[in-house]
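Undergrad: Just passing along the structure, written as structure tokens.
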Amino acid sequence: MKGMHEERADARYGTESRAQLILDVAKAAGSHLELAEVLEALIAALRPTSRFDAIAVSVIEGEYARLHSLHLERVGRRPGESVESVLARAASSVHLQPNPVRQRLKDHHVSAVASSLEPYVCTDLQLEKRFPLDEKMLQYGVRSYVSLTLLKRGKLLGVVDFVSFEQRSFDQGEVQLLQDVSEIVSIAVSNALAFEEIKALKEQLQAENRLLQDEIVQTSIFEEIVGSSQSLRRVLTSVDRVAPTDSTVLITGETGTGKELIAHALHRRSPR
């Protein structure tokens, strides 16, 4: 026979309510572009079943875990706000210096999740501090949390943490529900990371394009005239403007300043 605790868990996380919640979470994830907005909507969707004070997403970058996105109920969210800014406001509310967003894997509970690919559950942070980051989380007011895998095609992207400022236990039904939810969060995180990569590549391409344009200006637009200073560019702009006209041009300047090169450039662009 089932115990009373298991019966309550079955009622709380029954098939229909679980399916509806997963549907609500999927809708929330699909309705927002920013991952922070997804986390905020996720807390709201979970509230009737499981109340949490914060949700955080950390991604693995080599030997480090980086806090990618964070939603804290007590500090709220400002549109377009960076995770560093959210962390700074949270630290200010408890009179602390904000933690760096990057932590070594060995100092972070993500290492426990990475080694087992199983949920890491901390029911009382005051009694269960295993990692250096745990002490810092306790200073922020965190008492308990569940950390779950974020996977993409079997590869671990990072973890999503469901955080409470109260000491609490997490029964098997609740952990399983959060695992189902984390699969949806994995898609949102994967999309966010892909967007970041595309943005970085775009910025790199734009920078390379600017360099190439500068090289073209310096080496080929005016043949043997080499330079990219503002004053030279003004002169070359004047050459382009006056060359097609019938105006007489007087070129002045000290010896060695390139008057002959400017004259050649004028003749090459003139129809005469």
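The values are calculated or read from the model by the stated rules, or taken from the named source; none is laboratory data. Note that the structure is predicted; figures quoted are calculated from it, not measured. Glycine also receives a Cβ, built like all others from the backbone with ideal geometry; neighbour counts cover every protein chain displayed.
Undergrad: Only residues that are part of a loop (DSSP other than H, G, I, E, B) and closer than 16 Å to A56 by Cβ: list them for region 111-121, please.
TA: P119
Undergrad: Residues A44, A19, A36, A26: which one is in a helix (DSSP H, G or I) and crowded, with 19+ Cβ neighbours inside 10 Å?
TA: A36
Undergrad: Going by the conditions given, is E197 in a helix (DSSP H, G or I) and either among the aromatic types (F, W, Y) or more than 25 Å from L23 (Cβ to Cβ) (or both)?
TA: yes
Undergrad: If I go through region 42-63 residue by residue, how many of them are more than 13 Å from the chain's Cα centre (by Cα) and either among the hydroxyl-bearing types (S, T, Y) or not assigned by TED's automatic domain parsing to the domain that holds V146 (or both)?
TA: Within region 42-63, residues that are more than 13 Å from the chain's Cα centre (by Cα) and either among the hydroxyl-bearing types (S, T, Y) or not assigned by TED's automatic domain parsing to the domain that holds V146 (or both) number 2.
Undergrad: Moving on to the next point. Taking L156, is it assigned by TED's automatic domain parsing to the domain that holds D24, more than 18 Å from L67 (Cα to Cα) and in contact with a strand residue (DSSP E or B) (Cβ under 7 Å, 6 or more places away or on another chain)?
TA: Here the answer is no, as L156 does not meet what is asked.
Undergrad: Here is a list: H95, H71. Which entry is free of Cβ contacts under 8 Å to residues at least 40 places away in the same chain and either of a type in the set (D, E, K, R) or within 21 Å of S190 (Cα to Cα) (or both)?
TA: Just one listed residue meets the conditions, H71.
Undergrad: Assess whether L193 counts as being assigned by TED's automatic domain parsing to the domain that holds R47, modelled with pLDDT under 85, surrounded by 13 or more Cβ atoms within 10 Å (Cβ to Cβ) and among the hydrophobic types (A, V, I, L, M, F, W, C).
TA: In short, yes.
Undergrad: Follow-up question, since we're still on this one. Among the residues that make up region 8-30, is at least one of them in contact with a helix residue (DSSP H, G or I) (Cβ under 8 Å, 6 or more places away or on another chain), of a type in the set (D, E) and modelled with pLDDT under 85?
TA: Yes, region 8-30 has at least one match.
Undergrad: Considering each residue of region 108-120, count those that are free of Cβ contacts under 8 Å to residues at least 40 places away in the same chain and under 13 Å from L67 (Cβ atoms), and give that number.
TA: Result for region 108-120: 0.
Undergrad: If you don't mind, there's one more thing I want to ask. What pairs come out if I take residues in region 194-215 that are under 19 Å from S229 (Cα atoms) and in contact (Cβ under 8 Å) with a residue 12 or more places away in the chain and pair them with residues that are surrounded by 10 or more Cβ atoms within 10 Å (Cβ to Cβ) and not β-branched (V, I, T) whose C-beta lies under 7 Å away, six or more apart or interchain?
TA: D214/S228
Undergrad: Sticking with this one: In region 80-100, is there at least one residue being over 22 Å from the mean Cα position of the chain (by Cα) and crowded, with 16+ Cβ neighbours inside 10 Å?
TA: No, because not a single residue in region 80-100 is over 22 Å from the mean Cα position of the chain (by Cα) and crowded, with 16+ Cβ neighbours inside 10 Å.
Undergrad: Quick one: which of Q230, Q204 is polar (S, T, N, Q), within 30 Å of A65 (Cα to Cα) and at pLDDT 80 or above?
TA: None of the others qualify; the one that does is Q204.
Undergrad: Given the criterion over 14 Å from V181 (Cα atoms), assigned by TED's automatic domain parsing to the domain that holds K136 and modelled with pLDDT under 85, identify the matching residue among R74, R78, R89, R66.
TA: The match here is R78.
Undergrad: Given the criteria among the β-branched types (V, I, T), surrounded by fewer than 21 Cβ atoms within 10 Å (Cβ to Cβ) and either in contact with a Lys or Arg (Cβ under 6 Å, 6 or more places away or on another chain) or not in a strand (DSSP E or B) (or both), does V185 qualify?
TA: So V185 fails the test.
Undergrad: Still on this structure, please answer the following. Would you check which residues across region 122-155 are surrounded by fewer than 16 Cβ atoms within 10 Å (Cβ to Cβ) and assigned to a strand (DSSP E or B) and list them?
TA: Selection gives K152, K155.
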